[in-house]
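Please treat every number below as a calculation from the coordinates, not as lab data. Computed from a prediction, not measured in an experiment: that's the story for all the values here. As a convention, Cβ positions derive from the backbone with ideal geometry for all residues, glycine included, and neighbour counts pool all protein chains shown.
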Amino acid sequence: MSNRITAARAIVCSPGRNYVTVVIETAEGLAGIGDATLNGRELAVASYLNDHILPLLIGRDPSRIEDIWQYLYRGAYWRRGPVTMTAIAGVDVALWDIKAKAAGMPLYQLLGGASRERMLCYTHADGADIDETLAAIEEKQRQGFAAVRVQSGVPGLDRIYGVHAPGETADDPHTAPIEGDWDTSFYLRHAPMLFEVARECFPDLHLLHDAHHRLTPNEAAQLGRSLEPYRLFWLEDPVPAESQESWRRVRQMTTVPLAVGEVFNSIWDAQQLITERLTDYLRTTIVHAGGVTHVRRIADLCALYQIRTGFHGANDLSPVTMGAALHFGRWVPNFGIQEYASHPRQAAEVFGWDWACRDGHLHSGEAAGHGVSFDEAAAARFPYQRRYLDVNRLKDGTLWDW
Ligand code: CS2
Ligand code: MG
């Protein structure tokens, strides 16, 4: 008699911030853990799981990962979208965790073995102004990071993405969306000044920047051109990517390396960007794009077009996603870089992990599975808290990309 799924549940907890964790248990006594966190819409995914798809898994063979993926993707009829694909990802990663545990091997071995010993990572540095930002970069360099994402306040703007308010991290969600203010002309004037100084102060550091979807293609081309002298590792999300072909303009006008994809949830969202080589790195990651099973297909398509992975890794992606991403990054031939914005301190009371960050790199663990554990009793001490991502408005009140 083959193994059977005996229990499956999605648990929402908030150790410092909200996470949605999938637990799948089998008749042979193995349990798998998956991440299904969608920042600001956690309960939608938890309900999609608990009220709709997890009951369908009971009695199924947990080893049939691909069949279950196809069943959940095609069987929903309503395909794609962040809620659906994050829910499927939670199930998928839990099943890969079970399969690797049953095989007694770390997940990267199951995927095809190690292509590298360690994974280059980048972390975040930000400041209210250029001087504060330079000090933040220096601190990250002192900690041993070789790659740093640089975000700074913009003169004339009160609150923008990526710059943390005192006592917060740059990604803290809020009890109601805080409204940032935006003016593209202020930003386009400021960004080259920031990177001219940053490159002069840190000649050997990989510098990255996230434009966070806020420009038009022509504005992005202007920004890219203005940053070319400062040798960025990448310029991320300069343009919203609903219209993939809009990136042709950016690509034609500047050689600055581009990165996109953290908001994507299927290969279809990136197919044109990949096949037309409109980006250098793809950020679409395991928790929001259907899990290991689907992201493996996306990475393989990227490899045909010399595009490398640059997985999203903000702290609203749980330690489970980081664990799975590091096993994926250990194996995937076209690895580029892994984002690492450390998790809230309380997360370590709920999650246990054997991956590590040192010498500017991330190191996957060697434990069977993805190496991340989840303590449900501890999770119960951190109940869900309704929180929202911020929004952005132009000075005239127009709602803008955050
Ligand atoms: C950002 C994220 O890490 C990044 O590149 O775009 O901080 C993003 O804003 C959050 O993950 C949204 O939840
Ligand atoms: Mg980003």
Using the Karplus equation 6.51 cos²θ - 1.76 cosθ + 1.60 (θ = phi - 60°), what ³J(HN,Hα) coupling, rounded to whole Hz, does each residue of the stretch 126-132 give in order, writing x for Gly and Pro?
8, x, 5, 9, 5, 4, 5
Residue order, fewest to most surrounding Cβ atoms within 10 angstrom, among HIS312, HIS288, HIS52:
HIS52, HIS312, HIS288
Per GNM of the chain with C-alpha springs under 10 angstrom, the most fluctuating residue out of TYR71, TYR161, TYR384 is TYR71
Those GluC sites (Glu not before Pro) from the stretch 1-68 that are DSSP loop and have at most 16 other Cβ neighbours within 10 Å turn out to be GLU28
From phi via Karplus (6.51, -1.76, 1.60), per-residue ³J(HN,Hα) for the stretch 234-249 in Hz, x at Gly/Pro
6, 10, 9, 6, x, 10, x, 10, 4, 9, 4, 5, 5, 6, 4, 4
Counting only helical runs of four or more DSSP H residues, what would the 222 nm mean residue ellipticity of the chain come to if each run contributes -39,500 (n - 2.57) and the total is spread over all its residues?
-10000 deg cm²/dmol
Give me the distance between the Cα centres of the stretch 277-328 and the stretch 78-102, rounded to whole Å.
14
Cα→Cβ-extended label distance, 7 Å offset, between ALA103 and ASP401, nm:
3.8
For the chain, find the longest principal axis of its Cα atoms and tell me its angle to the long axis of helix 82-103, 0 to 90°, nearest 10.
50
Measuring from label point to label point, each 7 Å out along Cα→Cβ, what is the SER63 to ARG9 span in nm?
2.8
Out of the stretch 131-222, which GluC sites (Glu not before Pro) are coil in DSSP terms and have no more than 11 other C-beta atoms within 10 Å?
GLU168
Taking the alpha-carbon distance from LYS395 and a cut-off under 16 Å, which aspartates and glutamates remain once sequence neighbours fewer than 8 residues away in the same chain are dropped?
ASP158, GLU179, ASP181, ASP183
Of HIS312, LEU394, ALA128, farthest towards positive along the dipole that unit charges on Lys, Arg, Asp, Glu beta carbons give the chain:
HIS312
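For the chain, what proportion of DSSP beta bridges, expressed in % and rounded to the nearest 5, is antiparallel?
50
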Roughly how many whole Å is it from the C-alpha centroid of the stretch 345-402 to that of the stretch 1-26?
16
Name the residue from PRO62, ALA270, PRO257 whose Cα lies farthest towards the positive end of the charge dipole of the chain, charges +1 on Cβ of Lys and Arg and -1 on Cβ of Asp and Glu.
PRO62
For helix 217-227, what angle does its Cα long axis make with the longest principal axis of the chain, in degrees from 0 to 90 and rounded to 10?
70
For the stretch 320-400 the GluC sites (Glu not before Pro) that pass both the DSSP coil test and the at-most-16 other-Cβ-within-10 Å test are GLU366
